[in-house]
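*Asks:* I'd like to ask some things about the structure below.
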Amino acid sequence: MNNLRQLNTACEQSTLENGKPPTALGDLVGPGKFIRTLPVCPAGGEYRLVPGDSPASAKIVCSVHGSQEELQQRLRGTSR
Ligand SMILES: [Zn+2]
């Protein structure tokens with residue numbers, strides 16, 4: 001959850017700075033980039049970059065947990 005938030009924040013920062021969304025995770029993660037090392041999903045999922053709802057956006061999803069929104073909704077549902 002925090003990993004996804006961190007990755008998506010980096011995604012937004014990158015989009016703002018470059019005027020266009022990143023095209024790969026490698027644009028966000030690495031020495032001197034927005035995140036130094038790729039976070040590890042606690043469930044062993046893999047993170048990947050997918051195009052967002054608009055051409056000017058992109059987001060990170062987890063192969064196990066899905067998107068940040070989906071994960072948030074799931075957590076909200078089980079907490080009641
Ligand atoms: Zn995950």
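The values are calculated or read from the model by the stated rules, or taken from the named source; none is laboratory data. What you are looking at is a predicted structure, and each value in this text was computed from that prediction instead of being measured. Please note: Cβ atoms are built from the backbone with ideal geometry, for glycine as well, and neighbour counts cover all protein chains shown.
*Asks:* Quick one: would you say C41 is part of a loop (DSSP other than H, G, I, E, B) and within 12 Å of the chain's Cα centre (by Cα)? So that I can check it myself, show each step before the final result.
*Replies:* Values: part of a loop (DSSP other than H, G, I, E, B): yes; within 12 Å of the chain's Cα centre (by Cα): yes.
It is true that C41 is part of a loop (DSSP other than H, G, I, E, B) and within 12 Å of the chain's Cα centre (by Cα).
*Asks:* Would segment 59-77 turn up any residue that is without any contact (Cβ under 8 Å) to a residue 12 or more places away in the chain, exposed (fewer than 10 other Cβ atoms within 10 Å of the Cβ) and not hydroxyl-bearing (S, T, Y)?
*Replies:* Within segment 59-77, one or more residues are without any contact (Cβ under 8 Å) to a residue 12 or more places away in the chain, exposed (fewer than 10 other Cβ atoms within 10 Å of the Cβ) and not hydroxyl-bearing (S, T, Y).
*Asks:* Here is a further query. Considering only segment 47-73, state which residues are of a type outside the set (A, V, I, L, M, F, W, C), near the ligand (Cβ under 8 Å from one of its atoms) and in a loop (DSSP other than H, G, I, E, B).
*Replies:* S63, H65
*Asks:* I'm told Q6 meets every condition in (1) within 16 Å of the ligand (Cβ to nearest atom); (2) at pLDDT below 95 except one. Can you identify the failing condition by its number?
*Replies:* Every listed condition holds for Q6 apart from (2).
*Asks:* Look through segment 1-47, keep the residues that are in contact with a Ser or Thr (Cβ under 7 Å, 6 or more places away or on another chain) and charged (D, E, K, R), and return whichever of them is surrounded by the most Cβ atoms within 10 Å (Cβ to Cβ).
*Replies:* D27
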